[in-house]
């Protein structure tokens, strides 16, 4: 039986500093709390990234210590091979250099399926639709109104919103592969009109003016270079006194050049344009929004990441992963491992902002 990298069947493999409990799950911050949790200090676990180490140990059917010893030998051999000056770290992408690929290279059918296995049907971000529904519940969404979404992904959340509140959701997605898959899912669900997804260039997006009762965007703006231009369109599309919810990856003040941020960006096949919490708030104020909520939810998102991987590993422990998904799984694990590492360094944060158009 494979070892669970999150400690459920291997107490020694728990997150450094965590105590074993009956469930063995990574603690998840409460949705309404702005507690930062008890993340391990940077540099623990001998510099190894906790998430990727445990996933790879599980993958190889080894315990964590055994995997780390074998990996150290392999890394030493690799350093000798790369002594000609080539960088020793290569991004897991079938041997391809991701840096020259466009943003559309990130998603493919296999990677989409892995994301759904991690975060839920129709979802590509931690916490899934359940977390989105929790966040928008405070909007007081009225029946038969119009809702705007930036960063639809596969549209799982917007379909749930359309059904629960009986509203029309106009959602925009920058990635063509995700947008097309999301459109097909909405059609299959009989919600092609009430949960409409369009592929869009976010920096040149135009929406119907003063049409929407509320708008939301979850972990999408960090991939948009000209955020001010996009948010101007969003502001114009909202009715007066309407709410805007944003959750996004942000960089801690003065940490833009942090090595952990650089590592995370390196494994991405899409451009990353982080802003700071202060920059986000100031931009919203300049666009005539009144910022009502400014909350660090890093611990919550980190907990959602670990919960997704725990669920994935538990459900695939017996039969393993189909061969056609293995490459996508390794790429996805690498991305999230470096994301967690950047969070644990304190350089990468996730913020929730709620603002009212004035």
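Before moving on, here are some points about what is shown:
- Highest-first arrangement of 205-212, 170-177, where packing means the average Cβ count within 10 Å: 170-177, 205-212
- Segment 188-323 shape via C-alpha gyration tensor axes, a/c threshold 1.5: oblate
- Fewest-first sequence of 119, 336 by Cβ atoms within 10 Å of each Cβ: 336, 119
- With Rh defined as the Kirkwood radius, the inverse of the mean 1/r over Cα pairs, the Rg/Rh of segment 116-256 is 0.95.
- Cα centroid of segment 332-354 to Cα centroid of segment 276-313, whole Å: 11
- Considering only the Cα atoms of segment 249-358, their convex hull presents on average a projected area of 8.4 nm².
- Residue 198/residue 253 FRET efficiency (R0 35 Å; Cβ-Cβ; nearest 0.05): 0.50
- Separation of alpha-carbon centers, segment 249-272 and segment 106-124, rounded to whole Å: 23
- Values of log10 I(q)/I(0), in the order q = 0.14, 0.24, 0.26, 0.29 Å⁻¹, for segment 298-348 under a Debye, Cα-only, solvent-free model: -0.42, -0.95, -1.03, -1.13
- Separation in nanometres of the label points that stand 7 Å from Cα toward Cβ, at residue 278 and residue 327: 4.5
We did not get these values from a lab; they are worked out from the coordinates using the rules stated. Note that this is a predicted model, so its numbers are computed, not measured. Note that each Cβ is placed from the backbone with ideal geometry, even for glycine, and that neighbours are counted across all protein chains shown.
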